[in-house]
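Written out below as structure tokens is the structure these notes cover.
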Amino acid sequence: MIKLSNVSKTFGKGFKAVDNLSLEIEEGFIHGFLGPNGAGKTTTLKMITGILKADEGEILINDIDISKEPTLAKKEFGFVSDNPDLFLKLKGIEYLNFVGSVYGMDKIKLRENIFKYAKILEMNEVLNNKIESYSHGMRQKIAIIGALIHEPKIWILDEPLTGLDPKSSFTLKEMMKEHAKKGNVVLFSTHVLEVAEKLCDKVAIISKGKLVFDGTIDEMKNKVGEDESLEKMFLELVDDE
Amino acid sequence: MSKIWALTKVLLKTNLFVGSTDDKKKKSKVLGGALIVLLFVFVIASVGVPIALVISNILEAIDIRKIILGLILPLAGLTTIIFSIFSVVSVFYLSKDSEYLLPLPIEPRDLMISKFLVSLVTEYYILFMFVLPCLIGVGIGIDAGVLYYVYMLIVFLLLPIIPSVVVTFVILIITRFTGVMKNKDLFMYVSMILILAFSFGYNEILGSAMEINMDNIGGTVANLESELLPYFRRLFPFYNSGVSALVNYNDLGGVFSLITFIGINLIALLFIYFLGDKLYLKTLTVVKGSNKKKTDFDKLKISDNRGCFGYLLMKEWLTVKRTPVFMLNIVLIVVLFPFIMLFSFIMGYSSSGEEESMLNLAFLNNQYDNVYVFFIALASLTFFTCSSMAASTSISREGSNAWFMKVIPVSAFKQINAKVLFACILDVIGILIVAIMAYVLKMDIGAIISLLIPVILVIILSNYFNIYIDLRRPKIKWADENAAVKSNLNGFFSMLVTLAECGFFGVVAFVCYKVGVTLNYWIVSLIVSAVLVVLLGIVVYLFKRNENKLLDKVD
């Protein structure tokens, strides 16, 4: 479970990117994280993963405080950044070996998982090439494989479908469903509301750093008071802010 | 014209001044500016003033200003050629802005001239530091009026244009008619070899120009005038009018020369402008990444048992090895510098036959029991590591990958230790080459080892200081790798750290000399090493204690 309690983050001279945010991401659900550009989604995800430190509040990853025990907390999740340009000078396989060693993976398990995910995402034939030679979508795929090979219970994915071809996009969505079904956590941010509507069990909407909604699509319909598409409800909630 | 100007401004920002403009960055820019002014004043004092003195006092009978200007301008041209190889390759071909600009309705010639102007700015940085002080020195020496300085500024601004045009043209031809751009890394290595070749040539020319025998300075000047100047005039004929403009700044001949010099440079600029249509666009569109090979999964090498630390170390090495700019600035500088020294020492040693004088240079055997000699040797050895930038740019080199350091379940302390160890390995290789050099010069092997132990400890300590500098002010927002190392002030700060250490050892040497301390060098080595181990222990403890805060500035 991921638990954020009264988390805030301010940049520069008083720009509050995240304002007193409290949120619980439970096991067994795919949790969508939505919001307009600059709403604070990526900042929140960066605080959850320890890239940024929260100015106020507490973030627990499976009951481990990321600010107090960062190394322990980081073992609990796999993270895909919105920028897949990772270690371009390394070969795909070198990057995955590096990630495996960082998470202290057993050699046999690592080989198994590299083979499994590389085959699913159709990357097995290019693993010996440098990442800089990959297309944007392939870089996204290698970042996804790197985030998942150590079999984390919590997946945190920032715009994971960007750049993926339809087949890989479908595969990843199925993987997310399966992972959540097993009682794990999937938190992912997206701008594509159709994807969120079809895929997510729950959505959290953030606007100007504040949480404006957190619940199921049905709960959202009740809140807005109309049986609208997610797009219209989203716009209504965001405009209200 | 307005399009060219707008484009140049954007390219300047993306290529040279990447980063946010918050207060911290502004402060760092002010600090950087202050350091540059300081260095400028230092160069004026150390180069400009002696030139002024030579011109005004020593050789009134000879028109030395003509000779000095005749040397300065071509040497500036040579310097431009060396440095512009990298800046042209980097701005024209490695900068990521090309892929954003190519789809825009911009004339190739406008893009070409804008990029050329950006590459030129890098040259002004270097010429500003090393050529302008010399030209000012000439001005002071001849007691010149304001007009000289006006001419000087115009000549200075035009100085790097033609050498840069030549380099750009050659690189365009190479990229257009060979397949070298299909592999960017290979292209960078070819550029590096070109730079090294030019650098050696430059050293030869500079060496012969500097061999001035003060006892027979008239004869030396006559040699310069009769041999080197005609050679330079043939090599850089386009500077003749520039030299003439500065020499005759107060008569009509000077005006005519200046107009000629401006005209020649304008023609060069027009040449490069129209070359954009013919060549540049075609070379850009063949730029490709590495060749893709199909992978046989069964033959893939999956993780061996080197452990997390080993992989962190390997990642550092692979990234540096496969990035030519890093390879040149991080590895080759550290390793080649002592190697070149070794080579020239051996050559000098074998050709001169003056065995005694060479040995004197290397601090005589049996002298180390004089403690001050030990510390001078220690300061000298430490000085050899001042070009090392491996630790002081190690966080900056991560660039857009820096966030990864904060996401992985490996403590910041461990990651930093891997980076420090990587930097130490490189520095120790450099120092071992120096040690071999000392051994070749018949220095006592015991003395060498007794010095190596504290020097290695100094290297480790320095690299912790250096990485701390980079942790406090990492430059992770860069458009290309050059910005991470070459225009990163952290490298300069780390050099100051090393120089401060040298200075400290120098002061200790001075005190020991004054007091007349004598002690067996092994005992001295032991004492110094013990002090360094204690210091190192404190530094490592502080890093460990603050490990959760170490990466705070890496955003």
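For (1) within 14 Å of another protein chain (Cβ to nearest Cβ); (2) over 27 Å from the mean Cα position of the chain (by Cα); (3) modelled with pLDDT of 70 or more, each residue gets a yes or a no:
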{"residue": "B:VAL190", "(1), (2), (3)": "no, no, yes"}
{"residue": "B:PHE200", "(1), (2), (3)": "no, no, no"}
{"residue": "B:ASN213", "(1), (2), (3)": "no, yes, no"}
{"residue": "B:LEU224", "(1), (2), (3)": "no, yes, no"}
{"residue": "B:LEU228", "(1), (2), (3)": "no, no, no"}
{"residue": "B:SER241", "(1), (2), (3)": "no, yes, yes"}
{"residue": "B:ALA245", "(1), (2), (3)": "no, yes, yes"}
{"residue": "B:ASP277", "(1), (2), (3)": "no, yes, yes"}
{"residue": "B:VAL287", "(1), (2), (3)": "yes, yes, no"}
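Counting the residues of region A:110-133 that are within 7 Å of chain B (Cβ to nearest Cβ), closer than 19 Å to B:TYR311 by Cβ and in contact (Cβ under 8 Å) with a residue 24 or more places away in the chain gives 5.
The condition of being assigned by TED's automatic domain parsing to the domain that holds B:GLY516 and at pLDDT 95 or above holds for only one of B:TYR372, B:TYR464, that being B:TYR464.
Among the helices (runs of 4 or more DSSP H) confined wholly to region A:1-109, which include 3 or more residues that are more than 30 Å from A:ASN124 (Cα to Cα) and within 14 Å of another protein chain (Cβ to nearest Cβ)? Steps first, answer last, please.
Values: elements: A:41-49, A:70-74, A:92-102.
Correct list: A:41-49, A:70-74.
Looking only at region B:87-110, residues that are crowded, with 24+ Cβ neighbours inside 10 Å and either among the aromatic types (Phe, Trp, Tyr) or over 23 Å from B:LYS486 (Cβ atoms) (or both) come to 0 in all.
Pick out the one residue from A:THR171, A:THR190 that is among the hydroxyl-bearing types (Ser, Thr, Tyr) and modelled with pLDDT under 90.
Numbers: A:THR171 fails: modelled with pLDDT under 90.
Of the residues listed, the single one that is among the hydroxyl-bearing types (Ser, Thr, Tyr) and modelled with pLDDT under 90 is A:THR190.
Does region B:295-326 hold any residues that are modelled with pLDDT of 85 or more and more than 7 Å from chain A (Cβ to nearest Cβ), and which are they? Correct list: B:PHE309, B:GLY310, B:LEU312, B:LEU313, B:MET314, B:GLU316, B:TRP317, B:VAL320, B:LYS321, B:PHE326. Within region B:492-546, the set of residues being within 14 Å of chain A (Cβ to nearest Cβ), free of Cβ contacts under 8 Å to residues at least 24 places away in the same chain and either assigned to a helix (DSSP H, G or I) or under 28 Å from B:ALA447 (Cα atoms) (or both) is empty.
Each row is one residue, and each column tells you yes or no for (1) small (Gly, Ala, Ser); (2) within 17 Å of A:ALA196 (Cα to Cα); (3) without any contact (Cβ under 8 Å) to a residue 60 or more places away in the chain.
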site	(1), (2), (3)
A:THR10	no, no, yes
A:ASP19	no, no, no
A:LEU34	no, yes, no
A:THR42	no, yes, no
A:LEU52	no, no, yes
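Anything in region B:94-115 that is under 21 Å from the mean Cα position of the chain (by Cα) and in a helix (DSSP H, G or I)? List them, or say none. Hit for region B:94-115 is B:LEU94, nothing else.
Among the residues of region A:183-234, write down those that are among the acidic types (Asp, Glu) and not in a loop (DSSP other than H, G, I, E, B). Reasoning before the result, please.
Restricting attention to region A:183-234, the residues satisfying the condition of being among the acidic types (Asp, Glu) are A:194, A:197, A:201, A:214, A:218-219, A:226-228, A:231.
A:GLU194, A:GLU197, A:ASP214, A:ASP218, A:GLU219, A:GLU231 - these are the residues of region A:183-234 that are among the acidic types (Asp, Glu) and not in a loop (DSSP other than H, G, I, E, B).
Within region B:411-421, is there a residue that is in contact with a helix residue (DSSP H, G or I) (Cβ under 7 Å, 6 or more places away or on another chain), within 14 Å of chain A (Cβ to nearest Cβ), closer than 30 Å to A:THR42 by Cα and among the polar types (S, T, N, Q)? Looking through region B:411-421, at least one residue is in contact with a helix residue (DSSP H, G or I) (Cβ under 7 Å, 6 or more places away or on another chain), within 14 Å of chain A (Cβ to nearest Cβ), closer than 30 Å to A:THR42 by Cα and among the polar types (S, T, N, Q). Would you say B:SER462 is in a loop (DSSP other than H, G, I, E, B) and of a type in the set (Gly, Ala, Ser)? Against the criterion (in a loop (DSSP other than H, G, I, E, B) and of a type in the set (Gly, Ala, Ser)), B:SER462 does not qualify.
In this structure, is B:ALA418 more than 18 Å from B:ALA390 (Cα to Cα) and crowded, with 18+ Cβ neighbours inside 10 Å?
For B:ALA418, the condition - more than 18 Å from B:ALA390 (Cα to Cα) and crowded, with 18+ Cβ neighbours inside 10 Å - is not met.
Exactly one residue among B:LEU73, B:LEU11, B:LEU16 is within 18 Å of B:ALA483 (Cα to Cα), modelled with pLDDT of 80 or more, surrounded by 15 or more Cβ atoms within 10 Å (Cβ to Cβ) and not assigned by TED's automatic domain parsing to the domain that holds B:TRP478, and that residue is B:LEU11.
Mind checking which residues of region B:228-273 are under 22 Å from B:VAL118 (Cα atoms) and either of a type in the set (Ser, Thr, Tyr) or touching a residue at least 24 places away in the same chain (Cβ under 8 Å) (or both)? Talk me through it step by step, then tell me what you get.
Kept after step one, since they are under 22 Å from B:VAL118 (Cα atoms), are these residues of region B:228-273: B:261-273.
Scanning region B:228-273 gives B:PHE261, B:ILE262, B:ILE264, B:ASN265, B:ALA268, B:LEU269, B:PHE271, B:ILE272, B:TYR273.
Out of A:GLY146, A:GLY163, A:GLY92, one residue alone is farther than 24 Å from A:SER189 by Cβ and either free of Cβ contacts under 8 Å to residues at least 24 places away in the same chain or touching a helix residue (DSSP H, G or I) at 6+ places or on another chain (Cβ under 6 Å) (or both). It is A:GLY92. For the structure I just gave you, tell me whether B:LYS549 is modelled with pLDDT of 90 or more, within 14 Å of another protein chain (Cβ to nearest Cβ), more than 31 Å from the chain's Cα centre (by Cα) and under 30 Å from B:ASN329 (Cβ atoms). Here the answer is no, as B:LYS549 does not meet what is asked. Filter region B:474-516 down to the residues that are of a type in the set (Lys, Arg) and under 20 Å from the mean Cα position of the chain (by Cα), then identify the one that is surrounded by the fewest Cβ atoms within 10 Å (Cβ to Cβ). The extreme case among them is B:LYS486.
The values are calculated or read from the model by the stated rules, or taken from the named source; none is laboratory data. A quick note: this is a predicted structure, and the numbers were derived from the prediction, not measured. As a convention, Cβ positions derive from the backbone with ideal geometry for all residues, glycine included, and neighbour counts pool all protein chains shown.
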